[in-house]
1. Using only Cα atoms, figure out Rg for the chain and give it as a multiple of 2.2 N^0.38 Å.
2. What number comes out for the charge environment of D146, summing +1 per Lys or Arg and -1 per Asp or Glu over other residues with Cβ under 10 Å away?
3. Reported to two decimal places, what Rg/Rh ratio describes segment 22-131 when computed on Cα atoms with Rh from the Kirkwood expression?
4. Restricting attention to the alpha-carbon atoms of segment 82-218, what are Rg (one decimal) and Dmax (integer), both in Å?
5. Of the options S261, A199, T247, report the single residue whose Cα projects farthest towards the positive end of the charge dipole of segment 177-262 (beta-carbon charges: Lys, Arg +1; Asp, Glu -1).
6. Using a cut-off of 10 Å between beta-carbons, work out the net charge of the residues near A58 (Lys and Arg +1, Asp and Glu -1, A58 not included).
7. Helix-derived [θ] at 222 nm for the chain: sum -39500 (n - 2.57) over DSSP H runs of at least 4, divide by residue count, nearest 500?
8. Rounded to the nearest 20 debye, what is the charge dipole size of segment 1-133 about its Cα centre when +1 sits on each Lys and Arg Cβ and -1 on each Asp and Glu Cβ?
Amino acid sequence: MSQQPRIAIDAMGGDEGVRVMIAGAALARHRHEGLRFTLFGDEAQINAALEKHPNLRAASDVVHAPNVVAATDKPSQAMRKSKDTSMGLAIQAVKAGKAGAAVSAGNTGALMAMAKLALRTMPGIDRPALAALLPTLGDNDVVMLDLGANTESDARNLVQFAVMGAAYARSVLDLEKPRVRLLNIGTEEMKGTDEIRDAAAMLRDATALPLSFDGFIEGDKISTGETDVVVTEGFAGNIALKTAEGTARFVTDVLRNAFTSSIRSKIGFLISKPAMYLLKHHLDPNNHNGAVFLGLNGVVVKSHGSANEKGVANAVHVAARLLEEDITRRIAEDLANIEGLSASPPAARKGPARPKEQPAK
């Protein structure tokens, strides 16, 4: 990492705002002592929170932002007032080269719109994608994208997402050649939409890329550890992510109710407490917090709005790791290896063509 890398923090974002964002940044600095921060938001609130974290205060500058992007603001509303909001100023710091990355727990739509307008997409990227790490039963987490930045994506977009996701996996998971799969309704080559099948054909031909394309994967196999990167368009990706989060909460709530239903159950809980702690740790979203907008000319990390200080620290860690690995350079190099490939015609599809639908009589 370059000398004293600086991260811009939107201190006003998230459900609990300043207290958690400052505590999370302080926790992250214990892990990355070389980091420096610029904290954007209400100056009085930030300085009050810094009183409890002298280690962070010594490595931080505070920039007053008189306005805040609300969770209810539409992206268009947020962009009109971006110049004096904590979120907008944090992104502008990245654009101006005053910070290497920005971290915010605020409004996702507003953050995406502001970041895309200010930083622009990288050459060779049509649309940025939101990527995050999800827990698996394997040795590594799985990178999944897009998780909601784009509700519709064509084959070219999906190929670009695969390239970016693989670069991300190489950076944060230390994988030399990540296994990449496309999310689909089946694993057979003839399954799925034309866009998915076209993207699969292009990726099979992209032998120069530092990734291993392993075909399709169904939703119930995402967490098995069978793949390193799962690629999909944002509509399905966001639904899959929210379903996984809801299932994790359901499992923990069911177990909590079961272990408190009787004296015998409580005794059973005490016996199995170590295993329950491991389960809770594995399913805790704070341990995987920090989604990143890939494909921009700069690093922007989205922390979950409900993240605690450990979750915010993990989001800052993601930003620091991506700066260390120079993720934009990696993506640019990989894109150069597939120049012209994403323009392959639909005729490159593998598998039989699907019959045309007949009009209803």
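1. Working: Rg = 21.6 Å, N = 361, 2.2 N^0.38 = 20.6 Å.
Working it through for the chain, the quotient is 1.05.
2. Numbers: positive: R127; negative: E233.
Around D146, the surrounding residues sum to 0.
3. Details: Rg = 14.7 Å, Rh = 14.9 Å.
Over the Cα atoms of segment 22-131, Rg/Rh equals 0.99.
4. 16.6, 51
5. S261
6. On the way: positive: R29, R36, R57; negative: none.
In short, +3.
7. Details: 13 runs with 157 residues, N = 361.
Taken over the chain, the calculation gives -13500 deg cm²/dmol.
8. On the way: 16 positive and 11 negative charges, 80 e Å.
Here segment 1-133 has a charge dipole of around 380 debye.
The values are calculated or read from the model by the stated rules, or taken from the named source; none is laboratory data. Worth saying up front: this structure is predicted, and the values here are computed from it rather than measured. Because the Cβ atoms are built from the backbone with ideal geometry, glycine has one as well, and the counts that use them run over all protein chains shown. Accessible surface areas use protein heavy atoms only, side chains included; no ligands, DNA or RNA. Shrake-Rupley method; radii C 1.70, N 1.55, O 1.52, S 1.80 Å.
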